[in-house]
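Undergrad: Here it is, the structure, as structure tokens.
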Amino acid sequence: MISKEIVKRAVTRTGPPRMPLLYFNEFIEKSDIIRTSYGSAKNFVPDDPNRSEWGFRWERLDDTMGQPTNPPIADWDMLTQYRPPDANAPGRFDHMADFVRRNNTKYLIGELGISGLNLVTFLRGFAETMEDLYLEPERMMALIHMVYDFEIGIIEGFCRYDIDAVSFSDDLGTQQSLMLAPDMWRKVFKPLYKKQFDIVHSHGKDVYFHSCGYVYPIIQDLIDIGVDVFNFNQPDLLGIDHLNRDFGGKVSFACPVDHQTVAITGTREEIFGYVRHLKDTLGAHNGGLIGYIEEYSSVGMKPESFASICEAFETIGSEQ
């Protein structure tokens, strides 16, 4: 059975012969899932190599993604003059036909990258966004629709190709709670995500949704509007047993050994035990689990821990 079919059976919980694996940034050739993003517009010539097409700038102190700075709509007077990127600009999808051809046995994901609320905060500023959802709702909605409309254009561009899923990445939680009140998220963002997910599903593709932080209060909402796979990189923050109790069998998960706990400080035995617990809970619904493997030395993961994580997912994931 080829990788594509194994992943699809895990996602739909229809009996994969083994746990599929997503290698994120190392050993990509071993991954059952291959990801690609959309390209920059051909006519985009930044004044700074760290400048995004949206106008904000990435500031980096190490080899992590960095921190967005210089929000282009720091003042609302800038909104009327601001022109967002064009989702249909030449260059966005020039690589896609070759990408699909070269990887046609794999489960293929088209990635929006950082999306939704996160991208809005990069344009307006985090504190300003949180405040203006209440203080300047009309202006905020204009900015939010600008972002979501661009993303719809990218979604439709991806869906013209023979991929299997579209990926969204919107970190909605802190370590303790959602970044904004659940009712505000439901009022403003849930309908927009539903529209996007409906487009993905109308093309026969899956919705893959990444979110870091404590997002428990809206997991059921996201399931209700169409998420097929959740990528949670801190499953301990949410609670593996709680996730399994409340959502196991309703949706599928792509989870690593927790990047804040066992992947950083755990022994080899603890890593193996963690992977087995993932399989025996989230993966015990005739599928439902994708093993997620990311080399993360930038946050303290030791080489020997990464090697143990790879071995644990490969070994335990192959067991019947």
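The values are calculated or read from the model by the stated rules, or taken from the named source; none is laboratory data. What you see is a predicted model, and the numbers here were worked out from it, not measured in a lab. Virtual Cβ from ideal backbone geometry, glycine too; neighbours counted across all protein chains shown.
Undergrad: Which helices (runs of 4 or more DSSP H) does region 116-231 wholly contain that include 3 or more residues that are touching a residue at least 40 places away in the same chain (Cβ under 8 Å) and of a type in the set (Val, Ile, Thr)?
TA: Result: 137-158.
Undergrad: A further question follows. Could you count how many residues in region 73-106 are of a type in the set (Lys, Arg), closer than 19 Å to TYR161 by Cβ and out of contact with any Asp or Glu (no Cβ under 8 Å at 6 or more places or on another chain)?
TA: Of the residues in region 73-106, 3 are of a type in the set (Lys, Arg), closer than 19 Å to TYR161 by Cβ and out of contact with any Asp or Glu (no Cβ under 8 Å at 6 or more places or on another chain).
Undergrad: Only one residue in THR105, THR80 is free of Cβ contacts under 8 Å to residues at least 12 places away in the same chain, over 24 Å from MET179 (Cβ atoms) and polar (S, T, N, Q), so which one is that?
TA: THR80
Undergrad: More than 25 Å from PHE99 (Cβ to Cβ) and out of contact with any Pro (no Cβ under 9 Å at 6 or more places or on another chain), is that true of TYR208?
TA: No: the conditions fail for TYR208.
Undergrad: Okay, moving on. Output the number of residues of region 267-320 satisfying the condition of being in contact with an Asp or Glu (Cβ under 6 Å, 6 or more places away or on another chain) and charged (D, E, K, R).
TA: 1
Undergrad: If you don't mind, there's one more thing I want to ask. Given the criteria modelled with pLDDT of 95 or more and either in contact with a Phe, Trp or Tyr (Cβ under 8 Å, 6 or more places away or on another chain) or of a type in the set (Gly, Ala, Ser) (or both), does ASP280 qualify?
TA: Taking the combined requirement at face value, the residue does not satisfy it.
Undergrad: Tell me, yes or no, whether region 254-273 has at least one residue that is in contact with a Lys or Arg (Cβ under 8 Å, 6 or more places away or on another chain), within 24 Å of SER169 (Cα to Cα) and touching a residue at least 60 places away in the same chain (Cβ under 8 Å).
TA: No, that holds for no residue.
Undergrad: Any chance you could count how many residues in region 118-177 are surrounded by fewer than 20 Cβ atoms within 10 Å (Cβ to Cβ), of a type in the set (S, T, N, Q) and farther than 29 Å from PRO90 by Cα?
TA: Selection size over region 118-177: 4.
Undergrad: If you scan region 253-272, which residues turn out to be over 22 Å from the mean Cα position of the chain (by Cα), surrounded by 15 or more Cβ atoms within 10 Å (Cβ to Cβ) and farther than 20 Å from VAL299 by Cα?
TA: PHE272
Undergrad: Of GLY273, GLY266, GLY317, GLY288, which residue is under 21 Å from VAL227 (Cβ atoms) and out of contact with any helix residue (DSSP H, G or I) (no Cβ under 6 Å at 6 or more places or on another chain)?
TA: Answer to the check: GLY288.
Undergrad: For region 240-251, give me each residue that is touching a residue at least 12 places away in the same chain (Cβ under 8 Å) and farther than 16 Å from PHE209 by Cβ.
TA: If the condition is that a residue be touching a residue at least 12 places away in the same chain (Cβ under 8 Å) and farther than 16 Å from PHE209 by Cβ, then ILE240, ASP241, HIS242, ASN244, ASP246, GLY248, GLY249 are the ones that fit.
Listed here are the residues, each with its yes/no results for (1) surrounded by fewer than 18 Cβ atoms within 10 Å (Cβ to Cβ); (2) farther than 17 Å from ALA165 by Cβ; (3) under 18 Å from the mean Cα position of the chain (by Cα); (4) not acidic (Asp, Glu).
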site	(1), (2), (3), (4)
LEU192	no, yes, yes, yes
SER202	yes, no, no, yes
PHE209	no, no, yes, yes
ASN233	no, yes, yes, yes
LEU237	no, yes, yes, yes
HIS242	yes, yes, no, yes
PHE247	no, yes, no, yes
VAL251	no, no, yes, yes
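Undergrad: Identify, from the list ALA263, ALA254, ALA312, the residue that is within 17 Å of PHE209 (Cβ to Cβ) and either at pLDDT 95 or above or in a loop (DSSP other than H, G, I, E, B) (or both).
TA: Of the residues listed, the single one that is within 17 Å of PHE209 (Cβ to Cβ) and either at pLDDT 95 or above or in a loop (DSSP other than H, G, I, E, B) (or both) is ALA254.
Undergrad: Filter region 27-82 down to the residues that are under 30 Å from LEU289 (Cβ atoms), surrounded by 15 or more Cβ atoms within 10 Å (Cβ to Cβ) and either touching a Phe, Trp or Tyr at 6+ places or on another chain (Cβ under 6 Å) or not aliphatic (A, V, I, L, M) (or both) and list them by number.
TA: Hits for region 27-82 are SER31, ASP32, ILE33, ARG35, THR36, SER37, TYR38.
Undergrad: Going through ARG13, ARG9 one at a time, which residue ends up being at positive phi, out of contact with any Leu (no Cβ under 8 Å at 6 or more places or on another chain), charged (D, E, K, R) and touching a residue at least 24 places away in the same chain (Cβ under 8 Å)?
TA: Being at positive phi, out of contact with any Leu (no Cβ under 8 Å at 6 or more places or on another chain), charged (D, E, K, R) and touching a residue at least 24 places away in the same chain (Cβ under 8 Å) holds for just one of ARG13, ARG9, which is ARG13.
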